[in-house]
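> Have a look at this one.
Any read-out appearing in this document is the output of simple, stated calculations on the displayed coordinates, not a laboratory observation. Worth saying up front: this structure is predicted, and the values here are computed from it rather than measured. Don't worry about glycine lacking a Cβ; one is built from the backbone with ideal geometry, like all the others, and counts go over all protein chains shown.
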Amino acid sequence: MADNPEANEDMGSYKKAIDSTTQAQQDFLKKFSNLQVDAMQNFFSMLQGLTFNHAMFKTTIQSGGRISIPEAERQALKIDDGDLVQVIVIPIERKHRNNSAK
């Protein structure tokens, strides 16, 4: 069987196909791995931005629509009276009032 040129040629083609498939799988895994690393770096970068320059806390609306920023957050963000800040409001619980008809 080793003297059969057609069998040797078929084995050579088979080996090339296996090598080609193996290389394609390795390339795919490298690209996928790089994609995962990039996604994790982007996530940690976003998370870092949220934690170092921002604060998230709950507060209650006071009379006249005023809110207060807790002292610990003001100190961490190094903000003082009169500083301009941006506020994003997301209602999480509404105070239910009993407004029955008279």
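> Taking only Cα atoms, what is the 0 to 90° angle, nearest 10, from helix 5-53's long axis to the longest principal axis of the chain?
Relative to the chain, helix 5-53 is tipped by roughly 10 degrees.
> While we're here: If you put +1 on each Lys and Arg Cβ and -1 on each Asp and Glu Cβ, how big is the dipole of the chain around its Cα centre, in Debye rounded to 20?
Details: 12 positive and 13 negative charges, 257 e Å.
Using Cβ point charges on Lys, Arg, Asp and Glu, the chain gives about 1240 debye.
> Here's a follow-up. Calculate for the chain the 222 nm mean residue ellipticity that helices alone would give, adding -39,500 (n - 2.57) per DSSP H run of length 4 or more and normalising by residue count, nearest 500 deg cm²/dmol.
Taken over the chain, the calculation gives -19500 deg cm²/dmol.
> Next question, about the same structure. Using only the alpha carbons, work out the radius of gyration and Dmax of the chain in angstrom.
32.0, 107
> Work from the charge dipole of the range 5-77 (Cβ charges, +1 for Lys and Arg, -1 for Asp and Glu, about the Cα centre) and give the residue of MET11, LEU29, LEU47 farthest towards its positive end.
LEU47
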